[in-house]
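The values are calculated or read from the model by the stated rules, or taken from the named source; none is laboratory data. Keep in mind the model is a prediction, meaning the values are calculated, not measured. Cβ placement follows ideal geometry from the backbone for every residue including glycine, while neighbour counts extend to all protein chains displayed. Surface areas here come from the heavy atoms of the whole protein model, side chains and all, with no ligands, DNA or RNA. Shrake-Rupley method; radii C 1.70, N 1.55, O 1.52, S 1.80 Å.
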Amino acid sequence: MVIRMAYISLKNVFKIYKQGEEKIYALNGVSLEIEKGEFTAILGPSGSGKSTLLNMLGGLDIPTSGEIYAAGKQINALNENQLAEYRRKTIGFVFQSFNLLPALTIEENIIMPILLEQKMVNWGFIKELMSELEIEALANRMPSQISGGQQQRAAIARALANEPQIILADEPTGNLDTQISKKVVLLLADTCRKYQKTLIMITHNEEMAAYADRIIQMKDGKAELQFHP
């Protein structure tokens with residue numbers, strides 16, 4: 001009998017911190033599945049566990065107990081070197097604060113993950129990606145010379161440049177106004193769909209979450225609700 005497993009699967013995942021004698025449950029028995037190519041929004045207030053969950057999926061943290069599977073790997077069973085390789089090759093991160101290197105041009109920022117992997121740059125793909133995200137004309141500018149919305153698009157291009165399988169977006173519109181936020185989320189979603197990437201975005205903004213294929217509601221370390229907008 002063949003047991004089918006989702007592309008991403010969490011099974012009864014706990015993350016527990018100790019403060020003196022008290023136990024803090026950052027994740028409290030989370031179980032969920034995400035399919036390949038799905039755009040999932042993780043919605044919840046500060047302290048709900050959504051950032052901890054994203055860190056687990058990105059191999060930045062390990063659970064106290066439970067199992068995490070992604071792209072055919074059991075993440076919580078990997079050693080440090082394997083986790084580093086998983087992050088480099090499987091995951092693309094998009095952060096709220098953009099995290100562009102100020103001394104590099106936009107194009108140099110975008111190709112940096114490829115150079116770190118000592119791979120050849122597929123310039124055709126990079127140019128196509130920058131065109132898709134409407135930043136091709138900004139290639140030679142410095143991050144300080146472009147707007148916040150343009151910086152976030154460059155960060156999205158950088159996340160996709162190394163052709164990872166999973167994109168993890170941590171409050172990607174948190175520093176942007178509503179109009180720019182909507183455009184950035186739609187560009188992020190459309191670009192990931194075009195290149196068949198699995199996109200997981202955490203947010204506290206219900207309007208931004210509504211663009212996802214599915215919303216997971218986090219509260220008190222638990223995945224309480226899972227629904228389609």
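The gain in end-to-end length when the VAL121 to LYS89 segment is fully stretched comes to 10.1 nm, 0.36 nm per residue minus the alpha carbon separation. Using only helices, what value at 222 nm comes out for the chain when you add -39,500 (n - 2.57) per DSSP H run of length 4 or more and divide by the total residues, to the nearest 500 deg cm²/dmol? Helix contribution divided over all residues of the chain: -10000 deg cm²/dmol. Seen from ALA154, the other residues with C-beta closer than 12 Å to its C-beta sum to a net charge of -1, counting Lys and Arg as +1 and Asp and Glu as -1. For a Förster distance of 35 Å, can you work out the FRET efficiency between the beta-carbons of GLU67 and ALA103, rounded to the nearest 0.05? The formula returns an efficiency of 0.25 here. For the chain, with all protein chains in place and a probe radius of 1.4 Å, 48% of the accessible heavy-atom surface sits on carbon or sulfur. Summing charges over neighbours of THR52, with a neighbour being any other residue whose Cβ is under 11 Å away from its Cβ, gives +1 when K and R count +1 and D and E count -1. Solvent-accessible surface of region 93-229, averaged per residue with a 1.4 angstrom probe and all protein chains in place: 47 square angstrom. Scaled against 2.2 N^0.38 Å for its residue count N, the alpha carbon radius of gyration of region 44-151 is 1.28. Gyration tensor analysis over the Cα atoms of the chain returns equivalent ellipsoid semi-axes of 29, 20, 17 Å (largest first, whole Å). In this simple spin-label approximation, ALA137 and ASP213 carry label points 7 Å from Cα along the Cα→Cβ vector, and these lie 3.4 nm apart. Placing +1 on each Lys and Arg Cβ and -1 on each Asp and Glu Cβ, with no other charges, gives region 109-153 a dipole about its Cα centre of roughly 140 debye. Summarised in one figure, the compactness ratio Rg/Rh of region 32-77, Cα atoms and Kirkwood Rh, is 0.96. Taking a sphere under 11 Å around the Cβ of LYS89 and counting the other residues whose Cβ falls inside, with K and R at +1 and D and E at -1, yields a net charge of +1. Using a/c under 1.5 as the rounded threshold, could you call region 154-225 rounded, prolate or oblate? The axes a ≥ b ≥ c are square roots of the C-alpha gyration tensor eigenvalues, and prolate needs a/b larger than b/c, oblate otherwise. It is oblate, given that a/c is not under 1.5 and a/b is not larger than b/c. Taking the longest Cα principal axis of the chain as reference, the axis of helix 148-161 is set at about 70 degrees. If you plug the beta carbon distance of LEU186 and GLN145 into 1/(1 + (r/R0)^6) with R0 = 25 Å, you get a FRET efficiency near 0.55. Close Lys pairs in region 1-103 (alpha-carbon distance under 27 Å; sequence gap of 8 or more, or different chains): 18. Computed about its Cα centre, the charge dipole of region 186-229 is approximately 240 debye, with only Lys, Arg, Asp and Glu carrying charge at their Cβ.
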